[in-house]
Amino acid sequence: MRGLKDKVVIITGAASGIGKATALRFAEEGAHVVVADYADGAAAVEEIKARGAQSVYLKVNVTNQENVQAMVDKTIETFGKIDVLINNAGITKDAMMKKMTKDAWDAVISVNLTGVFNCTSAVLPHMLEQKSGVVLTTSSVVGLYGNLGQTNYAASKWGVIGMTKSWVKEMAKTGLRFNCVAPGFVATDMVKKIPEQVLQEKILVKVPAGRLGEPEEIAAAFAFLASDDAKFINGTVLSVDGACTL
Ligand code: CAA
Ligand code: NAI
């Protein structure tokens, strides 16, 4: 991809799954990566460095604005700039609507929606001053079509699409770009929580390829959208889902 060399990228939720695969892909493209996660990201940092890139782990809870501001300050102190933010940290707390608790609603909205607000608002002053920057957010096929047992999650993943489109309407002339990636079902810890029978009999049967996506297949979409190859792509949602919505 063009234009990723020596870019500084913050990836939330980069200690595992899609975030970690994305961190490794950006390292391979020559970018430097901040692994921002509340889980330990030391192993991810080692793998990034093994690819010749610079990397630090910052322990961050995206729901906490002070944590997030410290993440931005530390990134600028370490690398001098922020070129790309990937809002990827996310959780599920699935239950059918009739059984969904207010706690489950609040927890998911707090990480998946408010966390995206916190991180984006914290990098904006720097990116606006720099007159360049890319903010990418992990939505989901569930944010486009809904899903059984995921009222809270669907609201959050639908919400980040609305936020992204609003930012483009506000800031398209500033040199900043904002896009979402909407993965289908991908082989990470998140999917391991789905009851096996539901996964096999209700979900995979609807995927024409008959398989889960791989985290690296989502990482490739992020690398493209962050690169100069995508510089006229703004406010879009790139589905990477094995056509599971056909
Ligand atoms: N799609 C289609 N049918 C589903 C379904 C799904 N995702 N989830 C549950 N069902 C069906 C079940 O097969 C079951 O059908 P039958 O009555 O025909 O057997 C019915 O709904 C009720 O399910 P349960 O008996 O399991 O009900 P429960 O109240 O015990 O549990 C549940 C409900 C917590 C939603 C549980 O079924 C579950 O965890 N389902 C998976 C939900 C899911 O798809 N989560 C995605 C997580 S991965 C992710 O979120 C990443 C992403 O962005 C794609
Ligand atoms: P994962 O569970 O492997 O990774 C999520 C990461 O986010 C973890 O490292 C976790 O520690 C971190 N995290 C959670 N809450 C956090 C918080 N408050 N602050 C900081 N870090 C936090 O799951 P996966 O699948 O890699 O998920 C990444 C993103 O992709 C999530 O936003 C998820 O909703 C989304 N997604 C996942 C799909 C899948 O099928 N796996 C499909 C579509 C979207």
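Quick notes
- Residue within the stretch 213-236 that is of a type in the set (Ser, Thr, Tyr) and touching a Ser or Thr at 6+ places or on another chain (Cβ under 7 Å) present: no
- Complete set of residues in the stretch 96-123 that are away from ligand 2 (no atom under 16 Å from the Cβ) and in contact (Cβ under 8 Å) with a residue 24 or more places away in the chain: MET96, MET97, MET100
- Sole exception among (1) surrounded by fewer than 18 Cβ atoms within 10 Å (Cβ to Cβ); (2) of a type outside the set (D, E, K, R); (3) more than 16 Å from ligand 1 (Cβ to nearest atom) for MET97, by number: (3)
- Search result, residues across the stretch 198-236 that are within 16 Å of ligand 1 (Cβ to nearest atom), small (Gly, Ala, Ser) and part of a helix (DSSP H, G or I): ALA219, ALA221
- One residue stands out in the stretch 67-85 among those that are among the acidic types (Asp, Glu) and outside any loop (DSSP other than H, G, I, E, B): the one that is surrounded by the fewest Cβ atoms within 10 Å (Cβ to Cβ), namely GLU77.
- Which listed residue, of ALA155, ALA70, is of a type outside the set (S, T, N, Q) and either under 15 Å from the mean Cα position of the chain (by Cα) or within 23 Å of ALA39 (Cβ to Cβ) (or both): ALA70
- The one condition in (1) in contact with a Phe, Trp or Tyr (Cβ under 8 Å, 6 or more places away or on another chain); (2) within 26 Å of LYS157 (Cα to Cα); (3) small (Gly, Ala, Ser) that GLY17 fails to fulfil: (1)
- The stretch 124-136, subset buried (at least 22 other Cβ atoms within 10 Å of the Cβ) and outside any helix (DSSP H, G or I), residue nearest to ligand 2 (Cβ to nearest atom): LEU136
- Some residue of the stretch 43-51 being buried (at least 24 other Cβ atoms within 10 Å of the Cβ) and closer than 22 Å to ASN112 by Cα: yes
Quick grid of which residues meet (1) without any contact (Cβ under 8 Å) to a residue 60 or more places away in the chain; (2) of a type outside the set (A, V, I, L, M, F, W, C); (3) more than 11 Å from ligand 1 (Cβ to nearest atom); (4) in a helix (DSSP H, G or I):
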| position | (1), (2), (3), (4) |
| --- | --- |
| LEU148 | yes, no, no, no |
| ALA155 | yes, no, yes, yes |
| TRP158 | yes, no, yes, yes |
| THR164 | no, yes, yes, yes |
| VAL168 | no, no, yes, yes |
| ALA172 | no, no, yes, yes |
| CYS180 | yes, no, yes, no |
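- Scanning the stretch 182-197 for residues that are in a helix (DSSP H, G or I) and either surrounded by fewer than 11 Cβ atoms within 10 Å (Cβ to Cβ) or more than 10 Å from ligand 2 (Cβ to nearest atom) (or both) yields a total of 4.
- Within the stretch 2-37, the set of residues being assigned to a loop (DSSP other than H, G, I, E, B) and either free of Cβ contacts under 8 Å to residues at least 40 places away in the same chain or of a type in the set (Gly, Ala, Ser) (or both) comprises GLY3, LYS5, ASP6, GLY13, ALA14, ALA15, SER16, GLY30, ALA31.
- Positions within the stretch 137-149 being within 11 Å of ligand 2 (Cβ to nearest atom) and either of a type in the set (Gly, Ala, Ser) or more than 18 Å from the chain's Cα centre (by Cα) (or both), in sequence order: SER139, SER140, GLY143, ASN147
Read-outs throughout are calculated quantities, based only on the coordinates presented, and are distinct from any laboratory measurement. Since the structure is predicted, the reported quantities are computational estimates derived from the model, not experimental observations. Cβ atoms come from the backbone with ideal geometry, glycine included; neighbour counts cover every protein chain shown.
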